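This report concerns only the one structure given below.
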Amino acid sequence: MTASPVKSVAAHIPRRAWIGLGISGAGQVLWAFNLTATNIAFDEIGRDFPDAGDAVIGWVAAVFFIGSASLLLIAGRLADRIGRKKIFEIGLGIFALSAVGSFLAPNVWWLIGARALGSAGAACVIPAGLSVILPEFPREKHGTAVGIWAASGPVAATISPSASALILGVASWRTLYLISAPIALIAALAGGWVLTESKAEGEPGPLDIVGAALGTMAIAVLVFVTLQGADLGWTNPLVAGAVIVAVASGYLFVKRSRAHPEPLLDLDVFLLPPVRISNIANFLTSTVGTSAWLVWPVFMDRVWGFEKWQIGLALTPGPIVAGTSTILAGRLVDRIGWRPVLLIGSIVAPLSTLIAILTVSTSERYWIALFPPIALFGMGWAFVIPPLNSGVLRRVSADLFGQVNASFTTVRNVAGAIGIAVVVAMLARVDDTNPIFTYRLIFIIFFASQVASLVVIGLFYTDDDDPG
């Protein structure tokens, strides 16, 4: 007779947890905004630094992506060891410092350095921001918490181009970067008051510094190769050497992680089938998740001749549907479990791309050819990636929240970089006399990857295993 009251108390979510979730979501917004803002400001930065050239200015964006992707694992591990709140606060402080440094940049190399510093802040904010608030929520409500946290990312990333264009219409690109500083500082101050410190239990041994260096190098070089390989040429000695370095450092990282008592990443968690399966599906879905938001605006610009404001407006249904569907998916996960929600999402995602394959043409038929795919794609993403993320965290102990969330996000970023590299290489070879052929081929590749994710989830993902 006492079971019901206990369950009721366990399911209660304190107001403090919701406020903390909002603060954590602010970190996601900062990361997503900074990831895309440079692309919009590219020409303006070039005009301020005319001697730099496009290739050098391209590194303003590339260094942020490479740095944030490669430093996630070490930041997640440090969060578990020395405190998630502490790492989250440090990350926000670094973000603010980077924003001010970008605003004051006297030359492009200073700006690249400031963006590299910002990438370190982003790497701290993402894994620590989620892991610091999860202990405030009952495990049966983790789906809702992760869903709301994850919703802030795609919404910010997709609104960012329009917001950036608006800011650039009234101010310089320097203001575009500076705006992150007050947001980061307000979030840090609020986090200091609201968030509760948590970390892995027990006394940690010495961290594997060599393994951390190897893992960071492997990811950084891999992302560099995928982003720059097409531009430099795959036979370029620099690219070939980078591939060798990535493979060698990755192999040594895995070997050392298995032998060291305190590795950067506990590879044993990947022995759990749900964790392994979730990350495979995560990879397959994320190769499309990032690159699709590149293909649609490029298509509307180059084929339909849309203005920037038209493109921003046309993309708006995506983040709206993604944001609302992510919250809905989180609530459904808490009620009916992960597998049914994941199956819905993994069916909707390829359906969205199939519509694009069948309807895309040179005729401006937005409501037929792009509105349904963009809206359904937002829903499919929302019903797959956040539930996969919360499902992974459900299968591990709270001691591993930081590094497991970091590894999930790292897989997502690496997959996104690979997807972008493939799309950029294909867009560079579009035949102006028949552009639809290339775009349809891109959508077919998207469809194949999404169907592969559906197969993995449908055949292998279960809700049977409880967390240890």
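A simple packing score, the average count of other Cβ atoms within 10 Å per residue, orders the peptides 330-340, 88-98, 64-74 as 64-74, 88-98, 330-340, with the highest score first. The calculated FRET efficiency for residue 316 paired with residue 259, based on their beta-carbon distance and R0 = 51 Å, is about 0.50. At an R0 of 30 angstrom, the distance between the Cβ atoms of residue 240 and residue 368 translates into a FRET efficiency of 0.10.
Straight-line cross-link partners of residue 85 among the aspartates and glutamates, defined as a Cα under 16 Å from its Cα and at least 8 positions apart when in the same chain: 136, 197, 201, 399. Principal axis extents of the C-alpha atoms in segment 403-451 (largest first, rounded to whole Å): 49, 23, 7.
Translational diffusion of segment 49-88 was estimated from the Stokes-Einstein equation, with Rh taken as the Kirkwood radius over Cα pairs; at 37 °C and 0.692 mPa s the coefficient is 272 µm²/s. Normalising the average separation of contacting C-alpha pairs (under 8 angstrom, six or more residues apart) by the number of residues puts the relative contact order of segment 13-207 at 39 percent. Take every pair of alpha-carbon atoms less than 8 Å apart whose residues are at least six positions apart; their mean separation over the length of the chain yields a relative contact order of 22 percent.
Segment 166-207 and segment 29-87 have Cα centres separated by 14 Å.
Taking the average, over residues, of other Cβ atoms within 10 Å as the packing measure, peptides 404-415, 209-220 rank 404-415, 209-220 from highest down.
When only alpha carbons are used to place a centre, segment 416-468 and segment 338-386 end up 12 Å from one another. At a temperature of 25 °C and a viscosity of 0.890 mPa s, determine how fast the chain diffuses translationally according to Stokes-Einstein, using the Kirkwood radius over alpha-carbon pairs as Rh; express D in µm²/s, rounded to the nearest whole number. This corresponds to a translational diffusion coefficient of 109 µm²/s. Counted residue by residue at 0.36 nm each, then reduced by the alpha carbon distance between them, the extension gain from residue 231 to residue 139 reaches 28.5 nm.
Summarising the overall dimensions of segment 269-468 from its C-alpha atoms, the Rg and Dmax are 17.4, 58 angstrom. Under the simplified labelling scheme, the residue 343-residue 428 pair shows an inter-label distance of 4.3 nm, with each label point 7 Å from Cα along Cα→Cβ.
With contacts taken as Cα pairs under 8 Å and at least 6 residues apart, segment 269-468 reaches a relative contact order of 40 percent. Find the Rg to Rh ratio for segment 13-207, where Rh is the Kirkwood radius over alpha-carbon pairs and Rg uses the same atoms. Ratio of gyration radius to Kirkwood radius for segment 13-207: 1.01. By the helix-only formula, in which each DSSP H run with n ≥ 4 contributes -39500 (n - 2.57) and the sum is divided by residues, the chain has a 222 nm mean residue ellipticity of -27000 deg cm²/dmol. For segment 160-223, the square roots of the Cα gyration tensor eigenvalues, ordered a ≥ b ≥ c, give a/c of at least 1.5 with a/b no greater than b/c, which places it in the oblate category.
Ranked by how many other Cβ atoms sit within 10 Å of their own Cβ, fewest first, the residues 77, 15 fall in the order 15, 77.
Average projection, convex hull of the Cα set of segment 227-313: 9.2 square nanometres.
Values in this text are rule-based calculations from the coordinates and carry no lab data. The shown structure was predicted, so the numbers you read here are calculated from the model rather than taken from an experiment. Positions of Cβ are backbone-derived with ideal geometry, glycine not excepted, and every protein chain shown enters the neighbour counts.
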